[in-house]
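Report on the following structure.
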Amino acid sequence: MEKIVRNTEKKMDVTIDDGFRVFICNFYTEALAGMLINLFQSPDIGARDKLLEYLSVILYNSIPSVLSAQPTSK
């Protein structure tokens, strides 16, 4: 997650506080872990390819939005 966040920072030419970066990384890591746990506990809840599609949409759209909304970004 940290690599994704740092790459997005570079791509957007923004810098966020280290503490906020840690928070974002933990937030997305826990969210993804929860989704994986749900998938293993209830494998019949949906197609895995759709789940990956949904996760990609959320990550690729929300991380840039969060980074640009953070008050200490450039």
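Less than 5 angstrom separates the built amide H of THR15 from those of LYS74, all sequence-distant by 5 or more or on a different chain. Would you please classify the overall shape of segment 25-72 from the alpha carbon gyration tensor, given that a ≥ b ≥ c denote the square roots of the eigenvalues, rounded means a/c under 1.5, and beyond that prolate means a/b larger than b/c while oblate covers the rest? It comes out oblate by the Cα gyration axes. The relative contact order of segment 4-74, computed from alpha carbon pairs under 8 Å that lie at least 6 residues apart in sequence, is 64 percent. Span-like helix criteria (full DSSP H runs; alpha carbon extent of at least 18 Å along the helix axis; mean Kyte-Doolittle hydropathy of at least 0.0) are satisfied in the chain by 18-41, 48-69. Computed in the context of the full set of protein chains, the accessible area of the chain at 1.4 Å probe radius has 61% of its extent on carbon or sulfur.
The values are calculated or read from the model by the stated rules, or taken from the named source; none is laboratory data. For clarity, every value in this text was computed on a predicted model and none was experimentally measured. Side chains included, ligands, DNA and RNA excluded: accessible areas come from the protein's heavy atoms. Shrake-Rupley method; radii C 1.70, N 1.55, O 1.52, S 1.80 Å.
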